[in-house]
Structures are given as C-alpha cells and as structure tokens.
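The values are calculated or read from the model by the stated rules, or taken from the named source; none is laboratory data. No experiment lies behind these values; they were computed from the predicted model shown. Cβ placement follows ideal geometry from the backbone for every residue including glycine, while neighbour counts extend to all protein chains displayed. Accessible surface is based on the protein model in full, side chains and every heavy atom, while ligands, DNA and RNA are left aside. Shrake-Rupley method; radii C 1.70, N 1.55, O 1.52, S 1.80 Å.
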Amino acid sequence: PRGVGRVSVAAEEGVNDPRIAKLAGILRDRREFIRRFIKFTPKEGAERRNLDPLYQEQEDILDDRRKCTQNLYLKPRNVGAGTILQADDVAYTTATRDPVSTLVVVHDDEAKKRHMDRYREFWSNLPPYLRRDALKNNEDELVLKDRNGQPGTTYKALIASGKSEGKGSTFQRIHFSEVGDYDEAKAENLVASGMAAVHPGPPFAGVIER
C-alpha cells in the first residue's frame, strides 16, 4: 500500500537514490522517525505539532525499549510515558513489513478512548507514502491493510475488567497502562497472563506502567 513496501524493498535492494537511502535510515531509527513523522495534539484546543523535543523521561523510555523487551515503570504523572510508548509502537509497525499486533490494556472507557484516539492521530497524520490504508477503524481497534489488502498491523485497546475479551488473539507488543488503577484483586493475574500470552518473536515488547 502506497510507498511503505516500495521503500523497504528499494532500500534492501540497494537502489541508488539518496532520497530512498535517507528515508530508509529514518525508518531504521525510531527516535528520528518519531521526531519527524509523529504529530499529536498536546491538549484539547491546542495546535497539533511534532512530538519534538522529547522530555528526558521519554528519551529514557526509548532507550529502555532498545535494551530490554520487558520494562516496568513506576513514574509520576505527566511525563508523557503513554504518548512516547504509543509513538514508538507506530514507528516500529510502520517501518516493518510484517504484520504486528499491539495491545494496550487500560482501566476504564475514558482511558480506552484516549489511547485509541492517540493511535489514530499518529497514524492518520503520517505522510501518505508511509500511511497504510485502514481495513477496520472503530472504538476498539485500528486494523491496517497489508500489501495484499489483507488484515495487517493492528492496534487494540481493552479494559482490564478481568473478562476474557483478549483471549484467542495473538499480540507481539503489549502495554499495561496505569496498572495502579486496575482492580487490585485482578491486576496481578491479568498482567502475568497477558505477558505470558504475548508472542515471543523479535517484535516482542512488554511494558507495565504503574
């Protein structure tokens, strides 16, 4: 779809075009990708802007994700952890040609809407040559088409209710957001079972944010 596959193939085949080489370099550097291509609205009524500059805490989170596949954050509010984690998800899934499924687990409907709106904003404001077309786009998930028009990259949000909504699905990237707001009696088992169910392949990334 559009330029995503062509850019990757051209880079792998060594096409002698400096513009392709530059874009391929950005696709490989998720921090640079985020600074150039991720646009967001900081708060309601504010002007949309690039996610740049990053807070130092956001820089640290990106470094952590490069070094470890599982990360636990005990953090104060308002350091932009959720924003940078989701931006990193979009940067990774845009740059890879393999379909990657990402799940964020939240504590209530408002948080679910906020996270899905953020995924949609990041995706919809990508340059046209990087933005895959949507196959499904609703309040629960955003499914993008792969190169053959079939279901590919997926972003999904679920509420940590303890119900079995996510069972039967496979995810490569999972983010437990604000675990301190989950039902305390269910939180530990929910996180443990969720992390255990994530596909262990190369895209694997698990985050617990408290």
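Data for the structure
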| item | result |
| --- | --- |
| Gained length - ARG114 relative to ASN50, 0.36 nm times residue gap less alpha-carbon distance | 21.2 nm |
| Cross-link table LYS43/LYS113; LYS43/LYS186; LYS113/LYS186; LYS113/LYS136, entries beyond 24 Å C-alpha to C-alpha | LYS43/LYS186 |
| Vicinal HN-Hα couplings computed from phi for the stretch 103-116 (Karplus, 6.51 cos²θ - 1.76 cosθ + 1.60; Hz; Gly/Pro x) | 10, 10, 9, 10, 9, 7, 5, 4, 5, 4, 4, 4, 5, 5 |
| Carbon plus sulfur fraction of accessible area for the stretch 32-86, probe 1.4 Å, in percent | 45 percent |
| Karplus (6.51, -1.76, 1.60) ³J(HN,Hα), θ = phi - 60°, over the stretch 169-183, in Hz, Gly and Pro reported as x | 9, 10, 10, 9, 10, 9, 9, 8, 8, 6, 4, x, 9, 6, 4 |
| Separation in nanometres of the label points that stand 7 Å from Cα toward Cβ, at ASN148 and HIS199 | 1.4 nm |
| Solvent exposure of the stretch 11-150 as accessible area per residue, Å², 1.4 Å probe | 56 Å² |
| Length gained when the stretch ARG19-TYR73 is fully extended (0.36 nm per residue, less Cα-Cα span) | 15.6 nm |
| Residues in the stretch 104-147 that a label on LYS186 would reach, taking backbone N under 14 Å of a point 7 Å out along Cα→Cβ | 105-109 |
